[in-house]
Amino acid sequence: MSEQPISQATAARHTQKVLRDPTARIPVTADQQRRLRHALAEMHAAAHTAPFHKAAHAPSHCAGKLSSIAPWRAYTLEQDTCWQLIDLIKERAEAEPESTWHRAQGSKIPQLLSAAAAVVQVNWCPNPAEDGQPTLNTANAEHIAATAAAVQNMLLVASAHGIANYWSTGGILREPALQDMLGMQPGGLPLASVFLSFPTPGDTVKPGAMRDLKGAVSDWSEVARLTR
């Protein structure tokens with residue numbers, strides 16, 4: 001198998017942060033919806049092939065509707081849900097001016113949600129700790145790495161379908177209370193909010209800020225030799 005298509009796919013993938021007026025309601029077209037459904041199916045299939053070294057802690061994460069031993073969980077927020085979230089954030093921000101909701105209202109999340117054709121929220125499955133706070137032990141580090149690999153596979157597929165994509169930390173989407181409202185299984189920790197968009201005239205599209213700051217490959221890679 002030639003390595004060229006893989007090289008092209010990884011080189012072509014880039015961040016496109018699409019921002020739109022939160023009051024706008026621009027439905028995806030029938031063609032865009034068809035493309036999106038196809039892309040989402042392939043994104044999830046690609047994530048399914050991501051490597052993982054240790055199974056998720058079964059009592060904590062495998063007893064619900066989502067029962068896979070893979071240490072990640074993904075939840076798709078369709079366009080209408082994104083719009084409902086914009087309205088919920090605004091409503092709660094006005095009612096609670098000193099709250100996380102108010103901070104979310106002033107963030108870019110409403111603009112991202114407005115432009116999103118869909119959002120895939122990806123959480124990782126931490127092993128439980130005695131004090132209730134997961135630690136970055138070897139198993140959990142591997143769970144995070146595996147989940148990140150699944151997310152990267154999703155991004156590559158989205159780019160291959162010509163859909164703008166942005167890996168966000170998620171802001172208010174990370175909040176347990178909101179995740180509970182969305183029916184996400186408890187116990188998962190947010191790793192990525194993948195925003196998928198079809199930019200329209202008037203949108204602001206921002207590239208990733210860090211892409212061109214890495215230097216050359218030789219700035220982060222070298223041959224290791226044993227010395228003693």
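Taking the stretch 1-64 as the region of interest, the helices (runs of 4 or more DSSP H) fully inside it that hold 3 or more residues being at pLDDT 95 or above, under 23 Å from Val157 (Cβ atoms) and not basic (Lys, Arg) are 30-48. When the stretch 191-228 is filtered for residues that are surrounded by 12 or more Cβ atoms within 10 Å (Cβ to Cβ) and among the acidic types (Asp, Glu), only Asp203 remains. Of the residues making up the stretch 168-177, those that are touching a residue at least 24 places away in the same chain (Cβ under 8 Å), of a type outside the set (D, E, K, R), surrounded by fewer than 21 Cβ atoms within 10 Å (Cβ to Cβ) and on the phi < 0 side of the Ramachandran plot number 2.
Scanning the stretch 63-84 for residues being without any contact (Cβ under 8 Å) to a residue 40 or more places away in the chain and of a type outside the set (Asp, Glu) gives a total of 6. Restricting attention to the stretch 47-68, the residues being of a type in the set (A, V, I, L, M), under 24 Å from Arg174 (Cβ atoms) and more than 17 Å from the chain's Cα centre (by Cα) number 3.
Filter the stretch 27-63 down to the residues that are out of contact with any Cys (no Cβ under 6 Å at 6 or more places or on another chain), small (Gly, Ala, Ser) and within 20 Å of Ala129 (Cβ to Cβ) and list them by number. Across the stretch 27-63, the qualifying residues are Ala55, Ala58, Ser60, Ala63. Scan the stretch 51-105 for residues that are within 26 Å of Val28 (Cα to Cα) and of a type in the set (S, T, N, Q) and the total you get is 5. In the stretch 75-90, the condition of being modelled with pLDDT of 95 or more, over 21 Å from Leu178 (Cβ atoms) and polar (S, T, N, Q) is met by no residue. Scanning the stretch 65-84 for residues that are under 28 Å from Ala160 (Cα atoms) and either of a type in the set (Phe, Trp, Tyr) or part of a helix (DSSP H, G or I) (or both) gives Trp72, Tyr75, Gln79, Asp80, Thr81, Cys82, Trp83. Residues in the stretch 130-159 that are farther than 15 Å from Pro190 by Cβ and of a type in the set (S, T, N, Q): Gln133, Thr135, Asn137, Thr138, Gln152, Asn153, Ser159. Taking into account only those residues within the stretch 155-200 that are touching a Lys or Arg at 6+ places or on another chain (Cβ under 6 Å) and of a type in the set (Ser, Thr, Tyr), which is farthest from Asp87 (Cα to Cα)? Among those residues, the one meeting the criterion is Ser159. Against the criterion of being buried (at least 16 other Cβ atoms within 10 Å of the Cβ), in contact with a helix residue (DSSP H, G or I) (Cβ under 7 Å, 6 or more places away or on another chain) and of a type in the set (S, T, N, Q), Asn140 does not qualify.
The values are calculated or read from the model by the stated rules, or taken from the named source; none is laboratory data. What you see is a predicted model; the values in this text were computed from it and never measured. Every residue, glycine among them, receives a Cβ derived from its backbone with ideal geometry; neighbour counts consider all protein chains shown.
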